[in-house]
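Peer 1: Sharing a structure, written as structure tokens. Questions coming.
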Amino acid sequence: MTDLLSLFDEPALYVPSTEGIKYAGSKLKLIPQILQLTQKVDAKTILDGFSGTTRVSQAFAKLGYTVICNDIAPWSEVFGTCYLLNTKHPSEYQPLINHLNAVPTIDGWFTEHYGGHVNDGCAIQTDGLKKPWQLHNTRKLDAIRQEIENLCLDPVDKAVALTSLILGLDRVDSTLGHFSAYLKDWAPRAYKELVLEVPKVFTSEGNHKVCQTDVFDLVSRVSVDLAYFDPPYGSNNEKMPPSRVRYAAYYHLWKSIILFDKPPLFGKAKRREDTSDQLSASVFEEFRRNTNGRFIAVEAIAKLIRATQARWIILSYSSDGRATAEELNEVMQENGKLLAVVEMNYKRNVMADMRWTLEWVGAAEKPNREFLFLLEKLTTNMDA
């Protein structure tokens, strides 16, 4: 067996603050480890291929890396534009935010579908459905979203306004952090007033880019020093189809707020039709095996690693995901040299540096483990 690089050989790295919404796939707790793994190699340009709330991209940008931030979700692109492409001091946005906070409330599309009466603490309405926000906040949402459209802002200013709106709504919702189901009783924060604040924008030196495209289309067109991949994971529970854990379904309301397209809806959670299981599935969430008996999700990871034009790749993996540890380990051994592995046990909040190449495989058999892999790609794969 071969020794791997130790995560703890260097002093602790400065970890910049980041901003985001409640998110099932958030890597907020892993940012220090991601940054320390990156510090082990000579990378200056970074691809964040599944950027989500963009917290990882924000951290990289604040540390001086040049970042390509990508996600298929339109709200993620807005976050990326807000934080990575900003060139203004936060105070310059205060008049805009003050103006939006002062807009008179209206009853509109969001109030019709997502606003609920207080009902003595019960969020179930006369139509039998639970709602994510109380009426006083959806009325503000309707008014503010329309005013953002009326103002005809430039792309960065509009992204800052929309990010501020989403952050504000995230502070007063009545959910568990996603929009596939809502709480039966109003969360205490739902009674609070929706108030927009200037996002914690910053300026950085890198010539960053923000994309909203399929990651396979992107990696064939860009070349970076290091790519960070945190693909969505289908459940490894055979009794629970992974269609129940689609990220597009979880965050459909953020998409509706960004696009402002008032789409057709379905189901008790009033999801967008284009976030149905048939339309919004990701190959990385696929639960089936291919004709060779390998999980399709594992094949997708292998394809992504091979197609990526980067010397180094950091890959996130959850033991609750569809890919088995043995299969994933085989993929990495076929496509590069494993330089480091980090394990995080979220339930016990324990981080461990895995010293041997196969040690992590045994650890992954236990539930609630998150792993980070630092892979140096084979030269033949990079040239392919």
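Peer 1: For segment 99-165, what is one quarter of the convex hull surface built on the Cα atoms, given in nm²? Mind dumping the intermediate values first?
Peer 2: Values: hull surface 19.7 nm².
Computed as one quarter of the Cα hull surface, the answer is 4.9 nm².
Peer 1: Contact order normalised by length for segment 110-234, with contacts defined as Cα pairs under 8 Å and 6 or more residues apart; what percent is it? Each step should come with its number before you reach the end.
Peer 2: Numbers: 121 pairs, mean separation 29.0, N = 125.
So the answer I get is 23 percent.
Peer 1: How high is the FRET efficiency from Asn207 to Phe260, r the C-beta distance, R0 25 Å, rounded to 0.05?
Peer 2: In this case the efficiency is close to 0.25.
Peer 1: Let me ask something additional. With only alpha-carbon atoms counted, please give the Rg and Dmax of segment 102-212, in Å.
Peer 2: 15.8, 53
Peer 1: Ordering Thr379, Thr111 from largest to smallest accessible area (1.4 angstrom probe), what's the sequence?
Peer 2: Listed by decreasing accessible area, they come as Thr379, Thr111.
Peer 1: Mean 1/r over all different Cα pairs, inverted: what Kirkwood radius does segment 34-150 give, in Å?
Peer 2: 17.4
Peer 1: Accessible area of segment 95-173 with a 1.4 Å probe: how many percent of it is carbon plus sulfur?
Peer 2: 54
Peer 1: Further question: Give me the extension gain from Arg189 to Gln125: residue separation times 0.36 nm, minus the current Cα-Cα distance, reported in nm with one decimal. Show your work: numbers first, answer last.
Peer 2: Numbers: separation 64, 0.36 × 64 = 23.04 nm, distance 1.84 nm.
Result: 21.2 nm gained on full extension.
The values are calculated or read from the model by the stated rules, or taken from the named source; none is laboratory data. What you are looking at is a predicted structure, and each value in this text was computed from that prediction instead of being measured. Positions of Cβ are generated from backbone atoms using ideal geometry, with glycine treated the same way; all protein chains shown enter the neighbour counts. The area values use the complete protein model at the heavy-atom level, side chains included, leaving out ligands, DNA and RNA. Shrake-Rupley method; radii C 1.70, N 1.55, O 1.52, S 1.80 Å.
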